[in-house]
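A.B. asks: A single structure is presented below for examination.
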Amino acid sequence: MLKSLSCLLGIAASAMFAFPQSATFDSAAKVFRLDGGNVTYVFGVNSRGELQQMYWGGRLATGDHFAQPQPMREVASFDPSYSTTPQEYAGWGAGLFVEPALKVTFADGNRDLVLHYESYSEKPNGFDVVLKDIQRDVRVTLHYAIDPETGILARSATIENHEQQPITIEQAAAAAWALPRGHYTLNYLTGRWAGEWTLNQEEIRPGARIIESRRGSTSHQANPWFAVQSGEPSENHGEVWFGALAWSGSWRITVEQDQLDAVRITGGFNPFDFGYVLKPGQSLEAPVFYGGYSDHGLGGASRLLHHFEVANILPHRIGTGDQAHPKPRPVIYNSWEATEFNVNEAGQIALAEKAAALGVDRFVMDDGWFGQRKDDHAGLGDWCVNPQKFPHGLKPLIDKVHSLGMDFGLWVEPEMVNPDSDLYRKHPDWVLNFPGRPRSEERNQLVLNLARPDVHDYVLGFLDKLLTENDIAFLKWDYNRNWSEPGWDQLPPTEQKAIYVEYTRSLYSILAELERRHPKVEIESCSGGGGRVDLGILKYTDEVWPSDNTDPFDRLTQQDGFTYPYTPQIMMAWVTDSPHWLNHRATSLTYRMLSSMQGSLGIGANIDKWNDEETATAKRLIAAYHKVQPTIVQGDLYRLISPRNGSEFSATQTVSRDKRQSVVFAFIHSTQEQRGFPILKLKGLDPQAQYALTPIEGKAWAGTPEVASGDWWMNHGLEMDDDFRGDFKAAAFELDRR
Ligand code: GLA
C-alpha cells in the first residue's frame with residue numbers, strides 16, 4: 001500500500017531505522033500497536049471479542065504497555081455497550097446506533113451483523129486483521145500500514161462472502177477513527193464550480209456532520225478530507241487528527257459526537273443508493289482511508305500530508321528504487337483562456353513561439369482539436385483530429401513545439417460523449433441511463449458508463465492509440481459534469497448499483513494500464529476545475545487543476561484551502577488575462593505571477609497580446625521561479641497569514657527540507673489608513689545558520705540586513721518596505737543558507 005520512501009526524505013528516513021519495529025502484537029493482552037513518525041496507534045481485542053480502538057496520538061515509549069481493552073460499561077439501557085464502545089469496524093447489528101462501518105442484508109432477510117476478531121497476520125509496517133460475524137461466514141479483513149516517516153496510517157477493509165447465498169452490502173466504510181471525549185473543532189472543505197476549497201471550521205457538537213458526494217465523482221462541493229483539532233483552530237499549535245479518503249467516486253465521511261461525547265469519524269463508499277451484491281466466494285475492497293496526527297496544529301498536519309503524498313501517493317516518474325520521486329511540474333502554457341475551442345495549427349504555433357520565448361517548458365493544447373468540436377455542443381467521443389483545424393494531423397504542431405524546446409500536452413475528456421457525435425450515434429446504449437427514461441444533459445454531454453467492459457476497452461484503446469501515434473508528454477484529463485440516471489442495464493436489476501464501485505475501479509484500471517504502456521506520460525486530473533482531487537486519483541495523476549477560477553486574488557484563498565490536504569506540488573496555477581473574466585478585476589502581471597508562483601506555475605493568458613514589458617516581466621519571473629521551484633512545491637509550507645475572511649494581507653513561506661532555502665510570498669488586498677504590512681516572523685529555518693535575503697519581487701525595509709541568522713528571521717522577522725502599500729500588491733523573497 002505504501003510506496004518506498006523517496007530520496008527527498010533524507011533525514012527523516014534515517015529516523016525510521018531507530019524504530020525498526022513499527023508494528024507489534026502483544027498476544028497476552030491481545031493488543032496491536034503501530035508506531036511511525038511521531039505517532040502511536042493502538043487497538044485490541046476486547047473481552048467480548050470485538051476489535052476496539054484504544055489510543056491514537058503522540059508517540060509513546062517502546063516500553064509502554066496496554067492491558068486488554070474493556071468494552072464501555074452500559075450507562076443506561078438506552079446506551080448499549082456495543083454502540084458506545086469505540087469499535088475499529090462495527091457491523092450494523094446488536095443495537096448499534098452510531099454510524100456502522102458495514103451493513104449487509106443476507107439472502108434470508110437477516111440484517112444482523114456482529115463482527116468479532118478471528119485472526120491476524122503481519123505485513124510490512126502493519127497488520128491484516130480478520131473479523132468474522134458471530135455466526136455467518138462473512139469475513140472482513142482490516143488492512144493497516146503505518147508510514148515510518150510521517151506516522152500516517154493507511155486503513156482499508158476487504159469484505160468476503162463465504163456463505164452459500166449472495167449478500168447485499170448496503171454500507172461499507174474504509175475505516176472508522178475514534179477520538180476520546182473532548183472539545184474539538186472540525187475543519188473541512190466545501191465549494192462549488194469556480195469556488196472550490198473553502199475551509200470551514202466549526203465546533204463538533206452532538207449529532208453527525210456529513211461531508212459527502214453523491215455525484216459519482218469526488219465533487220467540487222466537498223472534498224474527502226477532515227481535520228479535527230483539540231480546542232480552537234490553530235495553524236501552529238495543538239493536537240490535530242486528520243484523514244483523507246482515497247476514492248474518486250461517491251463518498252461519505254461522517255463526523256459524529258455520541259451521547260457520551262465521544263467522537264468518531266467513519267468514511268468510505270457513500271451508502272446513498274448503494275447496494276453491492278457479493279455472490280458466494282466474492283469480495284469487495286473498500287477504498288483506503290489515510291489518517292494522521294500532528295501536535296503542531298493545522299500547519300503541522302498539512303506538512304505531514306504533503307510529504308506523505310509526495311513520497312507515497314503521487315507517481316514517481318524520476319529516479320529509481322528509493323531514489324524515485326515526483327518531478328517538479330514543468331512550467332506550462334495552456335491555450336484555453338486565449339483561444340477556447342478556436343484552435344488551429346497556425347494559431348497554436350504562434351502561441352507556442354511566444355510561450356517558448358518566455359521560458360515555458362510545456363505547451364498544452366486544450367479543448368477543440370478533435371471531431372466536430374466548434375463549441376461544447378458536439379464532438380466529445382470522436383477522438384480523431386479535426387481535419388479543417390489540423391489538415392496534417394497533430395505532427396506539425398508537436399514537431400514545432402519540440403523544436404522550440406518544449407514538450408507537448410493535450411486536453412482530453414475520455415469519459416464523456418456529446419449526443420451530437422459519431423460515437424453516440426453508433427452506441428447510444430453506452431451512456432449512464434435508465435432505459436426508456438430521459439437522459440439529462442449537462443454542458444450538452446452525457447457520461448459514458450466506464451463500468452461496461454466495452455466502454456473501458458474503447459476508452460483505453462483510443463488513448464493508447466493517441467499516445468502511441470503522437471509524441472505526447474502530458475494529458476489534461478477533464479471530466480465536466482456529474483452523474484445523472486446512473487443505470488447499468490447490462491446487469492440484473494438487483495446488481496446495477498455496483499456501478500458506484502465499478503465505474504471508479506474501471507477509471508483507475510485505465511489509468512494504471514496507460515501508465516504501464518506509456519510510463520513517461522504525465523496526467524492532470526481536471527474536472528471543470530477541482531471536481532476530482534483526492535488521494536485515489538492522485539496515485540495515477542501527477543497534478544490537478546484546482547479551479548476554473550484563475551482570478552489571482554480569489555486564487556489566494558482557494559490555494560490556502562487547497563493546501564490543507566494537498567501539496568503545492570500538484571497545485572497548478574495559471575497566470576491569465578486582466579481584467580479577469582470572472583470578477584472583472586484588474587491586477588498587475590506581477591501580482592498574477594506571484595499568486596501563481598505559490599504552486600506549480602503555468603501561463604494561460606493570451607500572450608499574443610502581451611507587450612514587450614509584459615513579456616519581459618513574465619520571462620524574468622519564470623526564470624526566478626525555476627530556481628526556487630523545488631523549495632516551493634516540495635518544501636515545508638507555512639501559511640503565515642491567511643487570506644481567508646477578507647484579510648487585508650496574506651503571506652506564505654516554504655522551507656526546503658534540508659533548510660537551505662526558503663521562499664516567502666506576501667500579498668496586499670487593499671491597505672487602509674496607511675497600515676503597513678505586518679512583520680513576517682518566519683518559520684522552520686535552522687536557528688543557527690546564516691541566511692542571505694534576495695528579493696524576487698519588491699523590497700524589504702531599508703534597514704533589513706542582507707544576511708542574518710535563522711533566529712533573526714524567525715524572531716525579529718522580515719519587514720517590508722514602507723512603500724509596500726496599495727491595492728493588489730505582491731512581493732516575494734528568497735533566503736539562501738550561507
Ligand atoms: C473545463 C476545464 C477548463 C477547460 C475546459 C475546456 O472547464 O476545467 O480548464 O479545459 O473544460 O472545455
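The values are calculated or read from the model by the stated rules, or taken from the named source; none is laboratory data. Because the structure is predicted, anything quoted here is derived from the model rather than measured. Ideal geometry is used to build each Cβ from the backbone, glycine not excepted, and the neighbour counts take in all protein chains shown. Please note that ligands, DNA and RNA were not included when accessible areas were found on the heavy atoms of the full protein model with its side chains. Shrake-Rupley method; radii C 1.70, N 1.55, O 1.52, S 1.80 Å.
A.B. asks: Would you mind checking the pairs Lys476/Lys683; Lys520/Lys659; Lys539/Lys627; Lys609/Lys683 and listing those with alpha carbons more than 29 angstrom apart?
C.D. replies: Working: Lys476/Lys683 35 Å; Lys520/Lys659 31 Å; Lys539/Lys627 27 Å; Lys609/Lys683 40 Å.
Over 29 Å apart, Cα to Cα: Lys476/Lys683; Lys520/Lys659; Lys609/Lys683.
A.B. asks: Let me ask something additional. Apply the Karplus parameterisation 6.51 cos²θ - 1.76 cosθ + 1.60, with θ equal to phi minus 60°, to every residue of segment 331-343 and state each ³J(HN,Hα) to the nearest whole Hz, in sequence, with x for glycine and proline.
C.D. replies: 6, 9, 10, 10, 7, 3, 6, 7, 10, 6, 6, 7, 9
A.B. asks: If His392, His377, His669 are ordered by their accessible area, calculated over protein heavy atoms with a 1.4 Å probe, which sequence runs from highest to lowest? Don't skip to the answer; put the middle values down first.
C.D. replies: Details: His392 130, His377 105, His669 60 Å².
Solvent-accessible surface, decreasing: His392, His377, His669.
A.B. asks: With each run of n ≥ 4 DSSP H residues scored as -39500 (n - 2.57), what mean residue ellipticity at 222 nm is computed for the chain after dividing by its residue count and rounding to the nearest 500 deg cm²/dmol?
C.D. replies: Details: 12 runs with 136 residues, N = 738.
Mean residue ellipticity, 222 nm, calculated: -5500 deg cm²/dmol.
A.B. asks: Can you pull the percent of the chain's accessible area that's carbon plus sulfur, 1.4 Å probe, other chains left in place? Display every interim value, and only then the final one.
C.D. replies: Working: 13410 of 26930 Å².
The value for the chain is 50 percent carbon and sulfur by accessible area.
A.B. asks: Give, as ranges by residue number, the residues of segment 490-513 whose backbone N falls under 16 Å from the point 7 Å along Cα→Cβ of Gln282.
C.D. replies: Within reach of a label on Gln282: 490-506.
A.B. asks: Moving to a separate point now. What is the percent of Cα-Cα separations in segment 104-201 that go past 20 Å?
C.D. replies: Values: 2746 of 4753 pairs.
Result for the distance tail: 58 percent.
A.B. asks: How long, wide and thick is the chain, going by the Cα atoms along their three principal axes, in whole angstroms, largest first?
C.D. replies: Principal-axis extents of the chain (Cα, largest first): 77, 68, 48 Å.
A.B. asks: To continue, here is another question. If packing is taken as the average number of other Cβ atoms within 10 Å across a peptide's residues, how do 142-150, 316-324 rank, most packed first?
C.D. replies: Answer by packing, highest mean first, reads 142-150, 316-324.
A.B. asks: Where the centroid of each part is defined by its Cα atoms, how far is segment 671-730 from segment 54-116 in Å?
C.D. replies: 52 Å
A.B. asks: If you don't mind, another one. Check cross-link reach from Lys354 to the aspartates and glutamates: straight Cα distance under 19 Å, and skip same-chain residues fewer than eight apart.
C.D. replies: Excluding near neighbours in sequence, the set is Glu337, Glu340, Glu345, Asp366, Asp399, Asp407, Asp577, Asp608, Asp612, Glu613, Glu614.
A.B. asks: Less than 13 Å Cβ to Cβ from Lys354, Lys/Arg counted +1 and Asp/Glu -1: what total charge do the surrounding residues give? Could you put the intermediate results ahead of the total?
C.D. replies: Numbers: positive: Lys400, Lys609, Lys619; negative: Glu353, Asp608, Asp612, Glu614.
Its environment carries a net charge of -1.
A.B. asks: Another question, if that's okay. Can you check what the net charge comes to around Ile210, using other residues whose Cβ is under 14 Å from the Cβ of Ile210 (Lys, Arg +1; Asp, Glu -1)? Numbers along the way, then the final one.
C.D. replies: Working: positive: Arg205, Arg209, Arg214, Arg252, Arg264; negative: Glu99, Glu202, Glu212, Glu256.
Every neighbour counted, the sum reads +1.
A.B. asks: Would you please put 534-546, 416-428, 584-596 in order of how densely packed they are, using the mean number of other Cβ atoms within 10 angstrom per residue and starting with the highest?
C.D. replies: Details: 534-546: 24.2, 416-428: 18.2, 584-596: 20.3.
Those peptides, ordered most packed to least, come out 534-546, 584-596, 416-428.
A.B. asks: Could you work out the relative contact order of the chain, using alpha carbon pairs under 8 angstrom and six or more residues apart, expressed as a whole percent? Intermediate values should be presented prior to the final figure.
C.D. replies: Values: 1817 pairs, mean separation 73.2, N = 738.
Computed over the chain, the figure is 10 percent.
A.B. asks: Mind putting a number on the dipole of the chain about its Cα centre? Charges go on the C-beta only, +1 for Lys and Arg and -1 for Asp and Glu, and I need it in Debye to the nearest 20. Display every interim value, and only then the final one.
C.D. replies: Values: 69 positive and 95 negative charges, 114 e Å.
My answer is approximately 540 debye.
A.B. asks: So for the chain, taking the charge dipole from beta-carbon charges (+1 Lys/Arg, -1 Asp/Glu), which of Gly646, Pro86, Val544 sits furthest toward the positive end?
C.D. replies: Pro86
A.B. asks: Quick one: net charge of Ser440's neighbours, Cβ under 15 Å, K/R +1, D/E -1? Before the final figure, lay out each step's value.
C.D. replies: Working: positive: Arg214, Arg215, Arg437, Arg439, Arg443, Arg481; negative: Glu441, Glu442, Glu485.
Result for the local shell: +3.
A.B. asks: Additional query: Counting Lys and Arg as +1 and Asp and Glu as -1, each charge on the Cβ, what is the dipole of segment 469-618 about the Cα centre in debye, to the nearest 20?
C.D. replies: Working: 13 positive and 23 negative charges, 68 e Å.
Result for segment 469-618 is approximately 320 debye, rounded to the nearest 20.
A.B. asks: Express the relative contact order of segment 46-136 as a whole percentage, based on alpha carbon pairs under 8 Å and six or more residues apart in sequence.
C.D. replies: Here the relative contact order equals 21 percent.
A.B. asks: Sticking with this one: Can you list the aspartates and glutamates whose alpha carbon is less than 13 Å from that of Lys729, not counting same-chain residues fewer than 8 positions off?
C.D. replies: Glu648, Glu697, Asp721
A.B. asks: Now a separate question. Let me have the relative contact order for segment 591-722, percent, based on Cα pairs under 8 Å that are six or more residues apart. Walk me through the numbers before you get to the answer.
C.D. replies: Details: 174 pairs, mean separation 23.2, N = 132.
Across segment 591-722, relative contact order equals 18 percent.
A.B. asks: Measure out, as a whole number of angstrom, how far apart the alpha-carbon centroids of segment 375-444 and segment 537-557 sit.
C.D. replies: Answer, in whole Å: 23.
A.B. asks: Counting only protein chains, not ligands or nucleic acids, how are Phe242, Phe97 ordered by accessible area (probe 1.4 Å), most first?
C.D. replies: Numbers: Phe242 5, Phe97 150 Å².
Highest to lowest solvent-accessible surface, that is Phe97, Phe242.
A.B. asks: Place the peptides 479-487, 330-338 in order of packing, highest mean first, counting for every residue the other Cβ atoms within 10 Å and averaging per peptide.
C.D. replies: On the way: 479-487: 20.0, 330-338: 23.6.
Ranking the peptides 479-487, 330-338 by packing returns 330-338, 479-487.
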